[in-house]
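My questions will all concern the structure given below.
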Amino acid sequence: MKFENTKVYNFDGALRGMRNPLQSWDKSDSKWDGEIYIIGENDLKLAKSLIKGGAETRKFLRQIFISVDITAPRYWWQEYSTYKIGTTEDSESTMHRSMKQFITEDMFVLDKCDDIIVNNNTFDTLNTLNYLIKKYNETHDITYFRLFKQKLPEGFLQMRTCTMNYENIYNMRNQRKNHKLSEWKVDFMNWSDELPYANEFFD
């Protein structure tokens, strides 16, 4: 699983709006230092207090935006799709990507667990998928494409460019930190740990 091209936007707008209810803009002490936004002590104290107050007071997190390219297996994307409020993604097309090239092992998540695999199922699956690709390109019969989609394993990797916000990250971390899948418990947590002010806003 990979997270690439991560960009975070609108800390300044979110923290300015955070002070709107009490019109306390004069107490703001955050500033830009070149291209880095430095959150001041006053703003950080208020932000932490609002986060601690619950979803109804930490609304400013919804205005801190993230764009990131995520490459993950199909089984992870199914669970990610739970978070549809405030998230958008634009994915690679299975049809356009897969039906124009043969399938190789590096396109899948393949854990090293040879001791519990009976026969070489990976080899058989690749042969079947590549046969269906070959037949589809020869005949353009949609039946081969349907069979390909039906037999494509859950471990097939797909890249999507995703947009979300800090509220999404906050919820994902709380709900998935002890998940059985390492893609959540390790990969996602490690990536989100590196986001600006993760320690202050997410813990």
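The values are calculated or read from the model by the stated rules, or taken from the named source; none is laboratory data. Not measured: the values here are computed from a predicted model. For neighbour counting, all protein chains shown are included, and Cβ atoms are generated from backbone atoms with ideal geometry for every residue, glycine included.
Could you list, in sequence order, the residues of the range 11-47 that are over 14 Å from Pro196 (Cβ atoms) and part of a helix (DSSP H, G or I)?
Gly13, Arg16, Gly17, Met18, Trp25, Asp26, Lys27, Glu41, Asn42, Lys45, Leu46 - these are the residues of the range 11-47 that are over 14 Å from Pro196 (Cβ atoms) and part of a helix (DSSP H, G or I).
Is it the case that some residue within the range 170-180 is of a type in the set (A, V, I, L, M, F, W, C), in contact (Cβ under 8 Å) with a residue 60 or more places away in the chain and out of contact with any Phe, Trp or Tyr (no Cβ under 7 Å at 6 or more places or on another chain)? Reasoning before the result, please.
As a first pass, look at the range 170-180 and keep what is of a type in the set (A, V, I, L, M, F, W, C): 172.
Keeping just the survivors that are in contact (Cβ under 8 Å) with a residue 60 or more places away in the chain gives 172.
Cutting the leftovers down to out of contact with any Phe, Trp or Tyr (no Cβ under 7 Å at 6 or more places or on another chain) gives us none.
No; the residues of the range 170-180 include none that is of a type in the set (A, V, I, L, M, F, W, C), in contact (Cβ under 8 Å) with a residue 60 or more places away in the chain and out of contact with any Phe, Trp or Tyr (no Cβ under 7 Å at 6 or more places or on another chain).
Test Glu35 against the stated conditions and say whether it is assigned by TED's automatic domain parsing to the domain that holds Asn165, farther than 27 Å from Arg160 by Cβ and surrounded by fewer than 14 Cβ atoms within 10 Å (Cβ to Cβ). Step through it out loud before you land on a result.
On the way: assigned by TED's automatic domain parsing to the domain that holds Asn165: yes; farther than 27 Å from Arg160 by Cβ: no; surrounded by fewer than 14 Cβ atoms within 10 Å (Cβ to Cβ): yes.
Judged against the criteria, Glu35 is not a match.
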